[in-house]
Structure formats: structure tokens, C-alpha cells
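Every number here is computed from the coordinates shown, using simple stated rules; none is lab data. The model shown is predicted, which means the values in this text are computed figures rather than measured ones. We place every Cβ from the backbone using ideal geometry, glycine too, and count neighbours over all the protein chains shown.
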């Protein structure tokens with residue numbers, strides 16, 4: 001059997017459905033092996049888009065998403081998605097080609113050390129040096145990518161190795177179970193929660209799993225302990241719940257931070273320091289933190305929990321819930337005040353008809369139109385803060401944003417990956433004009449795949465997030481404004497349908513029409529960020545300080 005055939009059969013044995021990417025001449029044997037396999041090749045227009053799609057596939061399914069590139073420049077284009085998957089705990093395998101390693105036919109042309117290049121931003125990276133190694137290398141890569149904490153892995157398959165003949169048998173995936181937390185840690189967690197005065201549940205990205213969500217729902221129902229979420233923990237529990245006290249979209253000064261300040265015990269589920277900190281610990285404070293996660297806490301100047309419950313999160317929450325007795329001495333009423341103040345402020349600008357549209361109004365209209373199971377993928381920009389803060393998520397992984405690497409350019413590819421995983425679920429990608437143009441060519445990929453997909457481009461003709469920071473630092477407006485193509489015509493040139501918002505009242509109706517009409521749609525929506533500095537840096541802080 002040709003080694004490339006064995007490689008593909010090993011991928012099939014791991015349950016691979018899609019490979020996203022762009023082949024090169026060093027991948028041609030592998031490409032031929034894929035042609036007759038059960039795996040679907042999704043040809044993309046840039047390797048970065050392929051990596052974002054594969055990472056999103058891993059994020060949504062829990063299985064390893066796979067992407068492909070050639071050597072040299074193709075491989076370097078996977079660096080950002082590798083970091084995206086690694087920091088975001090998304091299981092992903094990158095397969096790259098390489099020149100022959102037994103003989104040289106082109107000297108050092110296009111040759112760089114891809115294995116070492118990717119070493120700092122992957123869990124595992126290796127070169128296949130013989131066909132006989134393929135079964136063990138592939139099995140090891142998938143095992144490590146899956147293993148908590150999930151992340152990125154890489155296999156380099158040189159051209160001459162792919163063409164070898166081999167008779168090595170496959171290694172079938174093994175059954176593995178995550179370890180459960182030690183009983184002493186569970187008992188101590190129960191004691192700390194029962195002895196607390198104002199316990200608060202904080203939900204992070206690691207809890208964004210279906211079984212964990214189910215266990216947390218039972219925990220909250222039994223105890224009545226209110227909860228807050230990090231940006232990547234949104235949707236684990238239904239955020240229309242009156243026990244929801246807000247999302248840590250801002251670093252400090254929001255209503256949710258008053259709840260965090262009041263808590264004498266934070267039950268921190270599924271968060272680690274890779275995600276932007278939702279709160280800051282100080283050595284001289286009496287506030288205690290219980291760390292509940294698949295792995296131990298990485299100690300940081302802002303995070304050093306007093307108790308770590310390490311093991312399968314869902315099982316840990318179930319064990320704690322079973323033993324925990326809700327206490328009449330708990331003082332939880334303040335959290336309701338936080339919830340009420342947060343909801344009241346959130347709705348203040350939601351009926352504002354000024355145009356260009358305010359982000360608060362835009363977020364409300366998207367939430368009004370999207371069904372509960374609809375998926376919104378965000379690129380990276382200031383609108384991410386508004387969605388994290390103002391868009392109630394009702395179930396896990398229905399608002400996909402990245403608050404770990406926080407890379408621009410991921411929104412559209414992530415939406416394509418999400419639509420392939422959930423073809424019957426409405427998917428909308430919300431991008432700033434800056435992030436959209438970084439991978440806008442993937443519109444052609446979406447059209448070619450015959451996807452039903454809506455892309456909304458919030459256009460302010462500038463890098464709005466940085467302008468907000470620039471304004472807050474009282475610096476002159478400089479270096480952040482640019483021009484845009486006619487986005488409607490641009491979409492149409494790819495075979496998509498283009499729409500332009502010309503008054504605020506058209507946002508909801510246009511989105512509704514696009515969701516009901518097959519095909520790829522792009523909506524050009526001008527947005528007004530001029531109130532960001534006043535609202536996010538001053539007004540919210542002043543109002544929350546009154547609690």
C-alpha cells in the first residue's frame with residue numbers, strides 16, 4: 001500500500017469527515033489518496049481560512065478538525081490558526097507537505113523547518129520519516145489533540161515518504177475516559193461553598209460542553225446560586241435566567257464586576273488564564289476561589305485559587321451538587337439587584353433609531369431575529385464586546401467568539417465551519433470591515449459549497465476597536481482610517497447576494513429575509529461607534545458604582 005493511502009486510511013479510522021485546505025505539489029500523492037476516500041476535501045482560498053474552519057469544527061464537535069497545506073509559505077499561513085486553536089482549546093490537526101527528505105531535488109527552495117516553527121504553538125509536532133511510522137504518528141496526534149486541554153497538533157508528510165510502499169497495519173483508536181476529581185477536593189469544595197456568605201458561580205470556556213451544561217443547570221436549580229460568564233463561557237446556561245448576573249465583556253467597571261466584588265467565594269468553572277481575566281485576585285483580599293477544571297490552574301499574578309478540583313468538569317459539578325446542602329445563611333439578594341440594573345441599562349439604547357446604527361440596537365435586532373439554536377460567529381472587533389455583554393445566549397456554542405488569541409479574520413471561516421457541522425441551523429457571521437477583508441475571499445468557498453449563510457459587515461471604515469482605545473487614551477485620531485470596496489458589488493462578484501442597510505429599521509427585516517432565502521448573503525451595515533468611549537468607559541462605570 002502506498003504510504004499516502006495508509007495515511008488517509010488512518011484519518012478515516014479516526015472519524016475524519018472534512019479536510020480544509022490548499023494542496024501543493026508536495027501533497028499530490030496525499031491528494032490522490034483523498035480523491036477515493038470517504039473524507040471530503042474543502043478547498044479554501046487561503047490556508048488561514050482553512051485553519052479557522054478546522055478549529056471551529058473541533059470546537060463544535062469535540063472531534064479533531066483537520067487542515068492541509070503545502071510546505072513553506074502554505075505552512076507559515078497556518079501559524080495564526082495554530083495559535084487560535086491552541087489558545088482556544090480547540091482540537092485541530094495540521095498536515096503539511098515537505099520536499100523529499102532522502103534526496104534533494106531543489107536544494108533549499110521553499111524549505112523551512114516547519115516542525116520547529118510550530119513547536120511553541122502546538123501540543124505536538126513531528127515529521128513522518130518512514131511509511132511504517134504513519135499509524136502510530138497519526139494515532140498519537142489525535143490522542144494528544146483530544147486530550148485535555150485540547151489544542152493544535154501538526155504532522156509533516158514529506159513528498160518521498162508519501163510515495164513509499166508500506167504494509168504496516170493501522171492502530172485503532174482506543175477507548176479512554178477522563179479522570180475524575182479526588183474525593184477530598186470534592187469534600188473541601190462542598191465545605192467552602194456551604195460556609196460562604198455570598199457564593200457566585202463563574203462559567204468559562206472549558207464548561208462549554210453539553211454534559212457540563214446539563215450538570216451546571218442542575219447545580220444552579222438546586223442551590224439558587226447566581227452565575228456570571230466569561231466571553232467564551234456564554235450560553236453554557238440560559239442567559240435569560242434571572243440568576244444570570246452578566247458577562248465579563250469589559251475588564252472592570254461593569255455591573256457584573258459589582259457582583260464579583262461582593263462575592264466572598266467564586267466557584268470558577270472551566271476558566272483558565274489564557275482567556276482574558278474576568279476578575280483579578282489580590283493576595284491581601286479575603287475573597288476565595290475554587291478552580292474546577294479538567295486540569296490544574298496555571299498560577300498567575302492575577303489568579304492563584306485556594307482550592308483546585310481537577311478532573312472531568314461535569315462529574316465534579318455532579319459530585320459537588322449531590323453533597324451540597326443549600327444554606328439559609330447565604331446572602332444572594334444583591335445579585336438580583338445587579339441583574340436588574342444590568343438588564344435595565346442594556347435595554348436603554350435598544351430602541352434608538354439613529355443611523356448609522358448603534359451597536360446596542362444592532363445586537364438587539366440580531367437577537368430578535370435569530371432562533372434560540374441559531375449560531376452567530378464573531379470576528380474580532382469592538383462589536384465583540386457589545387455581543388458578549390448584550391446578546392443573551394440560550395444554549396452552548398451558539399455565540400462563537402475568540403477571547404484567547406482574539407484574531408481578526410476568523411469570523412467568516414468560522415461560520416463556514418459551523419454551517420458544515422450544523423447544516424440545518426441558521427448561521428450568521430458578524431464581522432467588522434477590517435476583519436472581514438482579511439479573509440473575505442472565503443465568500444467564494446461558501447458559494448461553491450452551496451451554503452445558506454449570512455455575513456453581516458459592520459462598516460465604520462476604520463479599525464474601530466483601536467480607535468476606541470486611542471480615544472480613551474486621549475490621543476489624536478491617527479493611522480486607523482481606511483477605505484472599503486462597494487461591499488454589495490463585492491459580494492455579488494462572488495455569486496453571493498448583497499444588501500445595503502440605509503436606515504436602522506431595515507436591520508431586522510433584512511436579516512430575516514436573508515435567513516429565509518437560500519444562498520450566501522452579505523449585508524453591508526454602517527455602524528456608529530462614536531459613543532463607545534462615553535458608554536463603555538464612563539456611563540456604565542458611573543451607574544454600576546451606585547449599586
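Tabulated data
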read-out	value
Cβ-Cβ FRET estimate between residue 40 and residue 328, R0 fixed at 60 Å, reported to 0.05	0.55
Cut-off 13 Å, label 7 Å out along Cα→Cβ of residue 545, residues of region 248-281 by amide N	253-254
Gyration tensor (alpha-carbon) shape descriptor, region 1-133, a/c threshold 1.5	oblate
Segment residue 103-residue 537, extension gain: residue separation times 0.36 nm, minus the distance between their alpha carbons	150.1 nm
Convex hull projection area averaged over all views, region 201-311, Cα basis, nm²	6.5
Mean residue ellipticity (222 nm) of the chain, computed from DSSP H runs ≥ 4 via -39,500 (n - 2.57), nearest 500	-11000 deg cm²/dmol
With Cα atoms, 0 to 90° folded angle of helix 359-369 axis to the chain main axis	70
Using alpha-carbon coordinates, inclination of helix 210-223 to the longest axis of the chain, degrees	10
FRET efficiency, residue 183 to residue 343 (Cβ-Cβ, R0 30 Å, nearest 0.05)	0.15
Between 0 and 90°, nearest 10: helix 411-421 axis offset from the chain longest Cα axis	80
Extension gain (nm, one decimal) between residue 473 and residue 12, 0.36 nm per residue minus Cα-Cα	160.7 nm
Sequence of 103, 76 once ranked by neighbouring C-beta atoms within 10 Å, starting from the fewest	103, 76
Cα principal axis extents for region 347-538, largest first, Å	47, 35, 33
For region 13-73, Kirkwood radius (reciprocal of mean inverse C-alpha pair distance, Å)	11.8
Which of 355, 219 has the fewest Cβ neighbours within 10 Å, and the rest in rising order	355, 219
Whole-number D in µm² s⁻¹ for region 204-259, Kirkwood Cα-pair radius fed into Stokes-Einstein, 4 °C, 1.567 mPa s	112
Footprinting exposure proxy for 389, 258 (fewest neighbouring C-beta atoms within 10 Å first)	258, 389
P(r) tail fraction, the chain - alpha-carbon pairs more than 31 Å apart, %	49
